[in-house]
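Student: The following block contains the structure, expressed as structure tokens.
What follows draws every value from the coordinates through simple rules; no lab data is involved. If you're wondering where the values come from, they're calculated on a predicted model, not measured in any experiment. All Cβ positions, even for glycine, are placed from backbone atoms using ideal geometry, and neighbour counts span all protein chains on display.
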Amino acid sequence: MILRQILRLSSLFRSAVSVHVRRNIGLSAIVFNKTKELDPIQKLFLDKIREYNTKSKQAGGPVDAGPEFQKDINESLARLQRAYGEGDLTKFPEFKFEEPKFEETPK
């Protein structure tokens, strides 16, 4: 009887310890991945994104866009203005919500 209880408790203890160890190994793997350097493909990808970001800030818009790109943008904006009315389609619309006025009715 005592031996069964000891074995049952030891199996519970083992399962609890194994769950704890698995969780710690999973977390430590994430920490170790962040501390070591990126692999060459990831590094190249991030470098290209950063390079494009600096070029787009210098150009003030899309990088390496020719006159045909600007022509397509203007045609699309004109088509949208004809379809949806006037206004500046390059800006996000401003919404104004007013509080509803409720009238109290006497009981």
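Student: Starting from the Cα of Lys55, draw a straight line to each of the aspartates and glutamates and keep only those under 19 Å, dropping any in the same chain fewer than 8 residues away.
Tutor: Asp47, Asp64
Student: What are the ³J(HN,Hα) values, in whole Hz, obtained from phi via the Karplus relation 6.51 cos²θ - 1.76 cosθ + 1.60 with θ = phi - 60°, for each residue of region 73-78 in sequence order, with x given for Gly and Pro?
Tutor: With coefficients 6.51, -1.76 and 1.60, one gets 4, 5, 5, 5, 5, 5 Hz.
Student: Note down the net charge around Leu46, summing +1 for each Lys or Arg and -1 for each Asp or Glu among other residues with Cβ under 13 Å from its Cβ. The partial results should precede the final answer.
Tutor: Details: positive: Lys43, Lys48, Arg50; negative: Glu37, Asp39, Asp47, Glu51.
Combined, the nearby Lys, Arg, Asp and Glu give -1.
Student: Testing the spin-label approximation: label points 7 Å from Cα along Cα→Cβ at Asp64 and Asp88. State their distance in nm.
Tutor: Between Asp64 and Asp88, the simple spin-label model gives 3.1 nm.
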